[in-house]
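The values are calculated or read from the model by the stated rules, or taken from the named source; none is laboratory data. Being a predicted model, the structure only gives us computed values, none of them experimental. Cβ atoms come from the backbone with ideal geometry, glycine included; neighbour counts cover every protein chain shown. All accessible areas refer to the heavy atoms of the entire protein, side chains included, with ligands and DNA or RNA removed. Shrake-Rupley method; radii C 1.70, N 1.55, O 1.52, S 1.80 Å.
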Amino acid sequence: MSAHGASTDRLSRFAVSPARRRRDRLARTGVLVGTAIALVPLALIVYYLLRKGLGAWSVSFFTTDPTGNTFFGGSSIGGIKSAILGTIEIVALASAISIPIGVGVAIWLVEYGRDSWLAHTVRFFVDVLTGVPSILFGLFIYIVLIIGTGSTYAGYKGSIALALLMLPIVIRSAEVILLLVPAALRESALALGAPRWRVILNVVLPTALPGMLTGVLLAVARAAGETAPLLFTAAATLKTNFNLGGFMNSLPVQIYKDVTSPTTAVVNRAWGAALTLVVMILLLNLVARLISRRSRLA
Amino acid sequence: MTPDGPAPKVADLDPDSRSELERGQQQARDASTAPPTRRITGSAAGHQPAAGSRLGSGDAGVEAKAGIAVRLEGLRAFYGEAEQVKGIDLEFRANEVTAIIGPSGCGKSTMVRCINRMHEEIPGAHAEGRVLLEDLDVYDPAVDVVAVRRAVGMVFQKPNPFPTMSIFDNVAAGPRLSSRRRGDLRQKVESALRGAGLWDEVADRLDEAGAGLSGGQQQRLCIARSLAVEPEVILMDEPCSALDPIATLKIEELIDELKQRVTIVIVTHNMQQAARVADRTAFMLDGKLVEVGPTQEIFTKPSDPRTEDYVTGKFG
Amino acid sequence: MDAAALSGGDRSVLERSPLSRLPDRALKYGLTALAALILALIVYFFIRLVGQARPAFAKEGVIGFVLGNDWNVGAEHFGALPLLVGTLITSALALAIGVPIAVATAVYATELCPLRLRAPLTLLVELLAAVPSVVYGLWGIFFLAPKLQPAEQWVADRLSVIPFIGGGLVTIPNYFITGLVLAIMILPIVSAIAREVMAAVPADHKEAALGLGATRWEMIRLAVFPYCRSGIVGGAMLGLGRAIGETIAVTILIGNAPRLGAHLFSQGYSLAAAIANEFGEAQGVHRSALFAAGLVLFVLTLFVNGIARLLVARASRGTRAAAGGRGPSGTISVADVAAGA
């Protein structure tokens with residue numbers, strides 16, 4: 001073993017000053033603390049949601065509609081059945097609208113438009129669309145479908161507003177995935193003499209499907225949580241309603257209305273509804289992640 | 001001091017188990033060999049291998065530092081479970097250029113990166129054994145890795161000046177870490193740039209971006225950057241492989257001058273380059289050291305048949 | 001060789017029938033039309049919005065509307081300054097609190113974190129984006145705001161000499177708590193982008209810094225931050241855009257007082273909150289004023305997001321060039337979706 005003491009001064013010319021070491025330690029601690037701080041809100045939200053939300057859950061919570069009765073507590077206020085069903089209906093319609101259109105535009109961008117000026121412009125406007133505050137989508141639909149047609153609120157109008165919100169997300173994520181499909185795959189199919197639409201349908205899409213599904217599910221999760229676009233389009237009603245042409249309740253709107261109520265029981269219901277909504281969204285996220293893991297591209 | 005009687009042929013022994021004695025005998029023999037002729041005529045100093053080894057076969061009158069700058073003892077390097085460097089004993093003499101040659105994947109870069117402890121920066125990688133900077137084992141737990149890296153500098157394969165910094169800031173980056181005095185800095189930067197042979201070309205544009213230089217200039221900038229912290233050893237990992245022949249030549253000339261200031265270890269897959277710049281050459285194969293000796297000998301009369309096969313191009 | 005001679009018919013085998021080319025044509029033109037539709041949609045959106053906002057601008061004048069400090073529904077006088085200022089204050093707060101924390105998590109995740117913890121940590125930060133804004137509002141007003149009120153009051157009392165921060169009565173809904181919750185909401189976006197640009201720093205530069213004998217933090221300062229600067233700023237601006245447009249959480253937390261709050265811990269208003277609150281019952285000029293507020297909001301977010309995208313694009317172009325390969329990875333994360341990135 002080498003002579004320890006004498007040798008360590010050998011490097012003393014190169015030694016790191018205590019000030020530098022302190023700065024390094026300080027910075028590392030700071031970064032660690034910052035990261036810990038970032039995780040605290042999530043823990044608190046989850047904890048609070050569970051504590052207050054689970055308390056509100058019961059069979060009648062899920063099976064009765066809200067009664068609109070906010071002055072007395074207990075069972076007279078009802079549950080959130082119409083809100084849950086409403087969210088499912090509205091988001092389902094919104095997905096049915098935005099997914100085909102979104103995927104179609106993405107396919108066009110990757111397969112046909114590519115570097116053309118039109119494609120660049122479209123991409124630019126899709127970018128613009130992603131930054132639009134969600135309430136403006138609601139306003140836009142209001143202008144076009146309510147003022148414009150002289151008619152009133154309806155579930156499907158809320159769906160269209162949500163579809164507008166989902167569109168740029170679907171387009172972007174689909175485009176990213178489609179770009180990942182190796183050119184070689186397309187080329188070998190084309191070299192076999194297959195027409196372009198066949199190549200897209202039978203080769204590109206199936207390969208891209210899991211990845212696109214992930215993006216789609218995340219867009220759906222996002223839409224399910226939105227309140228603002230629904231405020232002036234679908235409005236809200238209390239009763240369960242399977243007619244998207246009429247007023248329709250939804251979870252976010254129901255929560256929003258209940259938040260400002262003076263009645264504790266109603267606020268508790270809001271917590272229960274919030275927990276329900278978050279569970280739904282987390283499930284969608286989980287499924288999206290599981291699918292993404294099975295994708296051959298990501 | 002020459003040994004009494006015939007010395008056993010070094011090549012007959014497994015290089016990994018050569019005893020100190022044999023190594024000493026080898027060194028003594030080297031001391032009496034004529035220095036290899038070189039295409040580049042550098043300064044006279046440093047042509048003689050420093051022979052101040054522990055075994056006392058010292059030749060007097062060697063300038064700068066006498067002795068061994070770095071010694072590897074039983075160095076093994078792992079990537080996770082996989083052993084890439086399988087036990088190396090090697091010495092690098094002070095103020096000499098030692099080249100490490102060998103086929104791709106033989107572990108030469110890995111071994112060299114262990115010397116300044118860059119190897120452990122790769123997740124899952126670790127090293128065992130000793131790397132001695134004179135008396136001091138750089139892997140000793142009491143030693144600060146940051147200090148080691150100041151003492152042992154590194155020049156990488158692809159020139160990598162800091163892209164957002166000017167030429168001056170690039171060279172000053174190292175010294176700035178420990179002292180911010182402007183006067184000092186200026187002086188250090190100029191000295192380093194002169195040492196790298198770049199001063200004349202950039203003195204009037206020190207504020208320009210480092211990334212705006214040509215490839216060869218960038219690499220010399222990186223050398224200047226390493227020089228600025230005044231290391232004892234500079235490790236070069238295939239420094240010319242990304243450069244054109246003219247830039248390569250400039251750097252090889254530079255290496256010849258630099259060895260007065262520092263000890264140089266250069267990894268190269270280009271045997272002609274090793275023949276041009278190195279005083280001694282070590283040949284590695286499959287993680288082990290096959291042979292080491294004066295460059296001329298390795299290339300003209302190598303002791304080990306594997307070395308001979310490699311330098312004659314039978315495999316590569 | 002004459003192609004037509006290859007077959008017996010009046011069409012060579014090398015030509016496809018017009019019918020078989022139909023799906024391709026249909027697909028191509030159909031999709032092109034769809035893409036063009038997107039453009040048309042946005043332009044149409046803008047035009048209609050302006051149309052609806054016009055009466056309000058006519059009444060107050062554009063400058064008068066934007067800078068007028070009186071949002072008085074009763075008197076039918078609509079100066080949107082309190083709204084604008086409220087939006088900007090809360091968003092600035094969100095940036096000031098959220099960006100450093102987001103960058104810290106990005107630095108930790110990419111440089112300091114043990115490898116095994118990286119994925120779980122990233123997941124946890126991204127989960128913040130999965131929480132809907134109404135839940136943030138709910139949690140904020142019923143849990144966070146009451147809990148922080150004593151501390152806020154303490155700060156206001158201690159710092160009473162500093163204008164705007166101190167010296168007032170702290171209400172539960174206020175600018176500060178809104179900004180704080182907004183900071184939490186933009187964390188995942190900013191962190192995701194910061195992480196991405198940091199992970200793209202070429203190992204070369206990091207090794208060069210370490211090779212000079214730099215400590216870990218010095219290496220980050222030398223090789224990582226300068227490289228990532230524009231990317232991080234771009235990410236921060238995307239977060240800003242999100243904060244500016246956030247409606248529901250802000251409405252719940254800001255107190256909806258249609259005036260300029262006197263200090264940090266007082267109630268205020270924001271553009272989006274005003275729309276959410278008042279639109280249901282608004283008529284005539286009032287409604288038009290709300291559309292005008294929406295227009296201001298639109299222009300603001302367009303501007304901020306435009307700059308943001310420019311910066312992020314420039315940063316990723318640089319990294320792509322340096323890395324010589326692909327840019328961002330193909331995996332989509334929740335934060336990507338939230339940012340629309």
In region A:258-272, what count of residues is obtained for those that are under 15 Å from A:W57 (Cβ atoms), away from chain C (no Cβ under 11 Å) and open to solvent by 20 Å² or more (accessible area, probe 1.4 Å)? 1
Say whether the condition of being modelled with pLDDT under 90, open to solvent by less than 10 Å² (accessible area, probe 1.4 Å) and either under 25 Å from the mean Cα position of the chain (by Cα) or facing another protein chain (nearest Cβ under 8 Å) (or both) is met by at least one residue in region A:179-188. yes
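Considering only region B:290-301, how many residues are more than 21 Å from the chain's Cα centre (by Cα) and crowded, with 16+ Cβ neighbours inside 10 Å? Give the derivation first.
The initial filter retains those residues of region B:290-301 that are more than 21 Å from the chain's Cα centre (by Cα), namely B:300-301.
With crowded, with 16+ Cβ neighbours inside 10 Å added as a condition, the list becomes none.
The qualifying residues number 0.
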Residues in region C:157-194 that are open to solvent by less than 20 Å² (accessible area, probe 1.4 Å) and among the polar types (S, T, N, Q): how many? 3
Of all the residues that make up region B:169-217, how many are hydrophobic (A, V, I, L, M, F, W, C) and on the phi > 0 side of the Ramachandran plot? 0
Exactly one of A:I255, A:I281 is at the interface with chain C (Cβ under 9 Å from one of its Cβ atoms), over 15 Å from the mean Cα position of the chain (by Cα) and open to solvent by less than 10 Å² (accessible area, probe 1.4 Å), and that one is A:I255
Say we look at region B:246-289 and pick out the residues that are among the hydrophobic types (A, V, I, L, M, F, W, C), surrounded by fewer than 23 Cβ atoms within 10 Å (Cβ to Cβ) and closer than 26 Å to B:E83 by Cα; which of these is modelled with the lowest pLDDT? B:M271
Of all the helices (runs of 4 or more DSSP H) wholly in region C:70-143, which have at least 1 residues that are more than 29 Å from C:R221 (Cβ to Cβ) and aromatic (F, W, Y)? C:133-139
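Among the residues of region A:131-149, what is the count of those that are of a type in the set (A, V, I, L, M), within 23 Å of the chain's Cα centre (by Cα), facing chain C (nearest Cβ under 9 Å) and in a helix (DSSP H, G or I)? Let's see the steps before the verdict.
Step one: list which residues in region A:131-149 are of a type in the set (A, V, I, L, M), which gives A:132, A:135-136, A:139, A:141, A:143-147.
Then drop every residue that is not within 23 Å of the chain's Cα centre (by Cα), which leaves A:132, A:135-136, A:139, A:141.
Checking the rest, the ones that are also facing chain C (nearest Cβ under 9 Å) come to A:132, A:135-136, A:139.
The next check asks that each one be in a helix (DSSP H, G or I); those that pass are A:135-136, A:139.
Counting residues in region A:131-149 that are of a type in the set (A, V, I, L, M), within 23 Å of the chain's Cα centre (by Cα), facing chain C (nearest Cβ under 9 Å) and in a helix (DSSP H, G or I) gives 3.
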Among the numbered conditions (1) in contact with a Phe, Trp or Tyr (Cβ under 6 Å, 6 or more places away or on another chain); (2) within 11 Å of another protein chain (Cβ to nearest Cβ); (3) of a type in the set (A, V, I, L, M, F, W, C), tell me where C:F265 comes up short. (2)
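Let's see how each residue does on (1) in a helix (DSSP H, G or I); (2) within 25 Å of the chain's Cα centre (by Cα); (3) within 12 Å of another protein chain (Cβ to nearest Cβ):
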{"residue": "A:V16", "(1), (2), (3)": "no, no, yes"}
{"residue": "A:R22", "(1), (2), (3)": "yes, no, yes"}
{"residue": "A:V46", "(1), (2), (3)": "yes, yes, yes"}
{"residue": "A:G53", "(1), (2), (3)": "yes, yes, yes"}
{"residue": "A:T87", "(1), (2), (3)": "yes, yes, yes"}
{"residue": "A:G102", "(1), (2), (3)": "yes, yes, yes"}
{"residue": "A:A119", "(1), (2), (3)": "yes, no, yes"}
{"residue": "A:V126", "(1), (2), (3)": "yes, yes, yes"}
Kindly list, by first and then second residue, each pair from a residue in region C:219-247 that is in contact (Cβ under 8 Å) with a residue 24 or more places away in the chain and over 17 Å from C:A129 (Cβ atoms) to a residue that is of a type in the set (D, E, K, R) and crowded, with 23+ Cβ neighbours inside 10 Å, limited to pairs with Cβ atoms under 9 Å and residues at least 6 apart or on different chains. C:G231/C:E196
Being β-branched (V, I, T), open to solvent by less than 10 Å² (accessible area, probe 1.4 Å) and more than 7 Å from every other protein chain (Cβ to nearest Cβ) is the filter here, so list the residues in region A:204-229 that pass it. A:V204
Here is a list: C:A293, C:A335. Which entry is at pLDDT 90 or above and either more than 8 Å from chain A (Cβ to nearest Cβ) or more than 18 Å from the chain's Cα centre (by Cα) (or both)? C:A293
Would you tally the residues in region C:102-148 being more than 10 Å from chain A (Cβ to nearest Cβ), closer than 24 Å to A:L50 by Cβ and surrounded by 15 or more Cβ atoms within 10 Å (Cβ to Cβ)? 3
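For region C:243-287: of the residues being within 29 Å of C:I162 (Cβ to Cβ) and of a type in the set (D, E, K, R), which is surrounded by the most Cβ atoms within 10 Å (Cβ to Cβ)?
Among those residues, the one meeting the criterion is C:E246.
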Only one of (1) β-branched (V, I, T); (2) more than 12 Å from chain A (Cβ to nearest Cβ); (3) in contact (Cβ under 8 Å) with a residue 24 or more places away in the chain is not met by C:V62, so which one is it? (3)
Take the residues in region C:200-219 that are aliphatic (A, V, I, L, M) and facing another protein chain (nearest Cβ under 8 Å), then tell me which one is farthest from the chain's Cα centre (by Cα). C:L212
Which of the residues spanning region B:182-193 are under 18 Å from C:L222 (Cα atoms) and surrounded by fewer than 19 Cβ atoms within 10 Å (Cβ to Cβ)? B:L185
Looking at A:A273, A:A288, which is the one that is within 19 Å of the chain's Cα centre (by Cα) and at pLDDT below 90? A:A288
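So how many residues does region C:20-35 have that are in a helix (DSSP H, G or I), more than 7 Å from every other protein chain (Cβ to nearest Cβ) and surrounded by 14 or more Cβ atoms within 10 Å (Cβ to Cβ)? Explain how you work it out, then say what you get.
Initial filter on region C:20-35 (in a helix (DSSP H, G or I)): C:22-35.
Narrowing further to those that are more than 7 Å from every other protein chain (Cβ to nearest Cβ): C:22, C:25-26, C:29-30, C:33.
Those left that are additionally surrounded by 14 or more Cβ atoms within 10 Å (Cβ to Cβ): none.
The number of residues fulfilling the criteria is 0.
Give the residue, chosen from C:V181, C:V197, C:V190, that is within 27 Å of C:E246 (Cβ to Cβ), modelled with pLDDT of 90 or more, within 14 Å of chain B (Cβ to nearest Cβ) and assigned to a helix (DSSP H, G or I). Steps first, answer last, please.
On the way: C:V181 fails: within 14 Å of chain B (Cβ to nearest Cβ); C:V190 fails: within 14 Å of chain B (Cβ to nearest Cβ).
Selected residue: C:V197, the only one of C:V181, C:V197, C:V190 that is within 27 Å of C:E246 (Cβ to Cβ), modelled with pLDDT of 90 or more, within 14 Å of chain B (Cβ to nearest Cβ) and assigned to a helix (DSSP H, G or I).
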